[in-house]
Structures are given as structure tokens and as C-alpha cells.
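The values are calculated or read from the model by the stated rules, or taken from the named source; none is laboratory data. Fair warning: this is a prediction, and the values are worked out from it, not measured in the lab. Here the Cβ positions follow ideal geometry from the backbone for every residue, glycine too, while neighbour counts run over all protein chains shown.
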Amino acid sequence: MSFIDLLGVATLGLVGSLAIRGVQSQTPSGTVSDILVFLNIENFSIEKQVALLSTFAVAVLAFKTIFTIYFSRRILFFLGAKSAEISTTLINRTLSNGYLGVRQNTRSEIQYATGDGVIAICLGVLGVAANLVGDLSLLLVIGIGVYVIDPVLALTTMGMFGSISLILYYSMNLRAKKIGATIARLNVAGSNKLFEVVNAYREIYSRNRLNYYVQEISKIKRDFAHQSARQTLLPNISKYVVELSVTVGAMSVAAFEFSTSDAASAAASLALFIATGSRIAPALLRIQQGSIFIQGNLGLAEPTLKLLENMSKVPLLESAESPLDFEHAGFKSTVKVSNVSFRYPESETATLSEISFEVREGEMLAIVGPSGTGKSTLIDLILGVLDPSEGEITISGLSPGRAIEKWPGAVGYVPQNVNLINQSIKRNLEIGFPDGIVPQNKIENALRDARLMKDEINLEVDIGEFGGNISGGQKQRVGIARALLLNPHLLVMDEATSSLDSKTEHEISATLMHLKGKISMIVVAHRLSTVMPADRIIYIDKGKIIASGNFDELRSLVPDFNQQAELMSIKPNE
């Protein structure tokens, strides 16, 4: 494409020389004459020669422009597809990095790094760089070509435009990268503030601090708009400087050539300069603006580049189908925890120390103890969300991760805070599966077992973001129904009845009693009425098992537990 451009520029220079000789009624000579003979148009009139050569030059330059657009389109669509591939890989590695790995970044940071940040790298950096390669080759080819025709003019032209470009590059590119990094930081900060106020709306409203968040978000938006305006202005400065350089350069060349050469030679040089400048100036402008754009996008891409570096050694999730399975053939609902200890990476003390117990098939095990003693951490270890620092946990004879992979759905889990999506109850139960794949009777069975009746709520109507259109108790029952959907043989509940009223809690307890003996259950609860039916209760304090036994045995072994029972007026053997 660059050689085609050079051909067009040289032809325009030839047209300028012919035009001025025609005006002076001079016969072409020298190189011009040789070219006309080569093209076999030496016997044509000057007017016809100019017309033919002008048409050829325009056609050549138009051809080059059209194909440049075509190739640029191919490159950008290729890089666009690559950006989707990189985003998918980043999300895959992020989710494969385990619970602690996922929690290293906020939702806003992950969303930005796997979205806008990837596009900034692929299209904003590599896409622009691909075009810069073409423009740099154009400068090189045209510079060499013009040098062969007129060395002085070539050196003058390239020196002038080159100096201007270097000055612009060093004065603006560092600023562009800094602005890009600031925009990326403000983007994430604004999202974090918005998530914060939406998630904690009631608490913030009760403190009458909503306006504080409005002001904080407004400040971030003002700073974001200011930095965006600065980023938009930088390329325009380059544009105006380069345009001015072409005008000043043409006037300088005209003044010099007409004062030192004959009119024909001066006109030819001026025509060559204008033709060369018409190609060099836009190329330099694109290079200058492209380099600024690249630096700005490198700043925007900093979160993504950091995430790419951190995730480079994280293995990808294995691509495997997880079909619906309601039978879980071969799965044994036994859990064995052997001498397990766990310490969070940033903590100096162990959260759990030397925990050992076993859950037999059909047994209901309850875990109780003061807040902050590691009960939820123990549940995460049993589920395989966390890995023990020491010791071993098995479910059906395998590690939790391998058991869940082999028997998807055999382990059901109900968290304390159920995470709901802004869709229908039905889709919330089907989460992780395509719409409509779960048989309707299975959905109805799960709802019935969770005591969420069809006449109580419309199953097809969206429940709002975070389940804002249903009550807290209904949210919790949706979580229980979700856990029961695939007919699990092991049910793990982490404070699953904490948001339920007494009546609903009694109904859920009745459901647990109905399931008792049929499936294994591990239940973490503060409400003693929930754990009373348990076959065995483990009391954890300060990360260690203090005692275990049935309800009455635990009352005699742990004074604090007995005191809680007395406060609730629970009598022995009740």
C-alpha cells in the first residue's frame, strides 16, 4: 500500500511539472520526458497528458485508501474476536482461582478488567498499533522515493515533520497514559460507590446519608468528565499543529524555490511538496494521535494487565458438561473431616485448629458456637470452596471438589444470605442451567419442600434486583428450594433459617425432620430450635471443637450452650 501511495505522489509531482511547462509553452525534458516516453504518451497534448496522469494519480490514491479501509476492518474485527476470547479466558481463570482468589478483586474491578480493559488492549492498543505500522512504512517508502527525486526537498520535508512529531510525542504521550490510568481508576471508584449505596440502601437511608453518596458520586463523575475532556483534547492539539505545519511548510518551500530556481522547477518542487505533504501530514497525524491513543489505552488497561499477570499461572476450568442428575448413583453422603486446620493468607492466627468429625449417611449434624469462631469457614472447607491448610476432608471418599464434579447436585447448599438474580423465582431455582431444562414437577417439589407455595408468589414475575420485591423469609425459602431442586443426598445449611419468622422456621424444621434419615445434613445455626432435632451437635469455640453430643448432652458439657437454652425456656429432654 505504501508503494502504491508513492506512485500516486510521484504522479502528482509529474502533473505539477507538466502543468507549469504547459503554461510556459515549454516542451518536457529530462526525467519528465523519459517518463512520458515510458508511458507511450509523449505525442499527446499537454492537456491530455495532464488529464490522463491526474486521473491515474487519483485512481491510485483512491485504490490505496479503499484497500487500507478493507485491511483495517479485517484487523479490527480479528482483534475484536480476540478481545472476546481474552475476556472469556480471564473470567475462566478468575473463577478457577478459588473463593479467596475471586475475592481479591471487587466486582467492579473484575467487571472493568474483563470488559473495557480488554477492549482497550485489543482495539485501543493493538488495533491502533497495526495501523501505525502501515503509516510508518508509508513514511519510509515516500521518504526514500522523494529523496531519489529531490534529496534536498526530502530531507527538508522529513526533518520538519519529524521534529514536530517528536516534540508532540514527548510532550503529550506521558500525559495521555497518566490521564488514561486516572480515568480507569475513576471508572472503578464510581461503580464501587454506586454498588455500595444500592447494596446498603436501608442502612444508609436510616442514617440520612443518601445525599453524601450523591455528592461523592457527583465528585467522581465531575473528575471523570474533566479527565475525559483532557483525553479528547490531546489528539486535536496534534491535528491543529500538523495542519499549521503543512501551510507554513508550503509557503516556505514556495518562497525558497521561486527565489532560487526557474518557475518550472519551483512549481514542480512545490507540487511534489504539497503532494508529499498531503500524504505525510495525515500519516504523521495518525501516528501522533495513535500514539497518544495507545498511551491513553495503556493507562485504561492497567487493571487488565495486572489481572492478566496475576492469572497467568492459574489453570483454566475444565470444559465439561454438567447434565441434570436427580439420582446421583454411587454417591455416599458421608463426610469425613480429619485433623483439619485453616489459616487465611493475611492472618497470623489459625481460624480452625485440628477439627475432626464424621457425618454418616442419613445423619443430621449441627454446628453451633459463638459468632466469629470459624463455623462458616468450616462449611466453606466442607464444600471445597476453601482448601485446608492442614488435614483432609472427603465426601463420598473423594475430595469435595472431585465429589461435586463427579456428582453435580448431590450436595445442596443454602447460605445465610441468599444471592438472587433479577429474574423470576423459576429462573432463580434453575440458576446455572438453561431456561426450561428442569422439569416443572421438580421445581414444584422443591418449592413445596421449602414451604414456598405457588399461590403465595408469582413464579414467572421478576423478583427485582437482590430479590427486592419479595420478603426476607421468601428469599431464604427460595435459597432452600434452590438447594433441594436436584434432590441432593447431602444438604449443607449455613444459618439458612436466620431470616425466617417463627412460623416459617417451624415449617422448615418440619421439612428437615421429614428429610432426616433420608439424606445427610450439616446445619449451622444460632437458633437452638433448629438444631434440637440433630442426631449430633458440635460446639466450636475459638476455632476448636469444645464438645459434641446430642442436645441434652451438650447442655451438660457447655455452660454457655445451657445458658442459651435456659434463656429460650427450653427444658431438658423437651
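Please go through the stretch 533-550 and give me each residue that is touching a strand residue (DSSP E or B) at 6+ places or on another chain (Cβ under 6 Å) and not in a strand (DSSP E or B), ordered by number.
Ala534, Asp535, Gly543
When Ala403, Ala446 are checked against the criterion of being buried (at least 21 other Cβ atoms within 10 Å of the Cβ), within 28 Å of Ala329 (Cα to Cα) and assigned by TED's automatic domain parsing to the domain that holds Ala483, a single residue qualifies: Ala446. Without any contact (Cβ under 8 Å) to a residue 12 or more places away in the chain, on the phi < 0 side of the Ramachandran plot and in contact with a Gly (Cβ under 9 Å, 6 or more places away or on another chain) - does that describe any residue in the stretch 506-514? No, there is no match, as no residue in the stretch 506-514 is without any contact (Cβ under 8 Å) to a residue 12 or more places away in the chain, on the phi < 0 side of the Ramachandran plot and in contact with a Gly (Cβ under 9 Å, 6 or more places away or on another chain).
Considered as a group, the residues in the stretch 296-350 that are closer than 28 Å to Ala410 by Cα and among the β-branched types (Val, Ile, Thr) include one that is modelled with the lowest pLDDT, and that residue is Val314. Of everything in the stretch 351-366 that is under 14 Å from Leu381 (Cα atoms) and either of a type in the set (A, V, I, L, M, F, W, C) or outside the structural domain of Ala525 (by TED's automatic domain parsing) (or both), the residue that is surrounded by the most Cβ atoms within 10 Å (Cβ to Cβ) is Leu352.
From the set of residues in the stretch 414-430 that are buried (at least 21 other Cβ atoms within 10 Å of the Cβ) and in contact with a Leu (Cβ under 9 Å, 6 or more places away or on another chain), which is farthest from Gly543 (Cα to Cα)? Only one residue fits best here, namely Ile425.
Residues in the stretch 454-466 include at least one that is small (Gly, Ala, Ser) and modelled with pLDDT under 85.
How about the stretch 53-125: which helices (runs of 4 or more DSSP H) wholly inside it have at least 1 residues that are closer than 30 Å to Pro400 by Cα and not assigned by TED's automatic domain parsing to the domain that holds Val15?
Working: elements: 98-102, 107-114, 116-119.
Qualifying helices (runs of 4 or more DSSP H): none found.
Taken over the stretch 377-398, the residue count meeting the criterion of being among the polar types (S, T, N, Q) and more than 31 Å from the chain's Cα centre (by Cα) is 2.
In this entry, Leu100 is excluded by the filter for residues that are surrounded by fewer than 18 Cβ atoms within 10 Å (Cβ to Cβ), out of contact with any Lys or Arg (no Cβ under 9 Å at 6 or more places or on another chain) and farther than 30 Å from Pro315 by Cβ.
In the stretch 417-451, how many are of a type outside the set (D, E, K, R) and either over 28 Å from the mean Cα position of the chain (by Cα) or not in a loop (DSSP other than H, G, I, E, B) (or both)?
Residues of the stretch 417-451 of a type outside the set (D, E, K, R): 417-425, 428-429, 431-434, 436-441, 443, 445-447, 450.
Now drop any that are not either over 28 Å from the mean Cα position of the chain (by Cα) or not in a loop (DSSP other than H, G, I, E, B) (or both), which leaves 424-425, 428-429, 436-441, 443, 445-447, 450.
Final tally of qualifying residues: 15.
A quick yes/no check of all residues on (1) farther than 27 Å from Glu354 by Cα; (2) at pLDDT 90 or above; (3) in contact with a helix residue (DSSP H, G or I) (Cβ under 6 Å, 6 or more places away or on another chain); (4) crowded, with 23+ Cβ neighbours inside 10 Å:
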residue: Glu507; (1), (2), (3), (4): yes, no, no, no
residue: Ser520; (1), (2), (3), (4): no, yes, no, yes
residue: His526; (1), (2), (3), (4): no, no, no, no
residue: Arg536; (1), (2), (3), (4): no, yes, no, no
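Would you confirm whether any residue within the stretch 462-470 is surrounded by fewer than 22 Cβ atoms within 10 Å (Cβ to Cβ), touching a Leu at 6+ places or on another chain (Cβ under 8 Å) and among the polar types (S, T, N, Q)? No, the conditions are met nowhere in the stretch 462-470.
Residues of the stretch 300-345 that are without any contact (Cβ under 8 Å) to a residue 60 or more places away in the chain and aromatic (Phe, Trp, Tyr): Phe342 alone.
Residues that are touching a helix residue (DSSP H, G or I) at 6+ places or on another chain (Cβ under 6 Å), at pLDDT 90 or above, closer than 18 Å to Thr373 by Cα and aliphatic (A, V, I, L, M): does the stretch 542-552 have at least one?
Step one: filter the stretch 542-552 for residues touching a helix residue (DSSP H, G or I) at 6+ places or on another chain (Cβ under 6 Å), giving 547.
Retained after the next criterion (residues that are at pLDDT 90 or above): 547.
This time we only want the ones that are closer than 18 Å to Thr373 by Cα, so: 547.
Within this subset, residues satisfying the condition of being aliphatic (A, V, I, L, M) are 547.
Yes, that holds for at least one residue.
For the subset of the stretch 367-376 comprising residues that are surrounded by 16 or more Cβ atoms within 10 Å (Cβ to Cβ) and of a type outside the set (Lys, Arg), which member is nearest to Lys518 (Cα to Cα)? The residue in question is Ile367.
For the stretch 205-255, filtering for residues that are at pLDDT below 70, assigned to a helix (DSSP H, G or I) and over 30 Å from Gly290 (Cβ atoms) leaves 3.
For the stretch 124-142, the set of residues classified as free of Cβ contacts under 8 Å to residues at least 60 places away in the same chain and in contact with a helix residue (DSSP H, G or I) (Cβ under 7 Å, 6 or more places away or on another chain) consists of Leu126, Gly127, Ala130, listed by residue number. When the criteria are applied in full, Gly391 meets the requirement of being surrounded by fewer than 21 Cβ atoms within 10 Å (Cβ to Cβ), under 28 Å from Val558 (Cβ atoms) and not charged (D, E, K, R).
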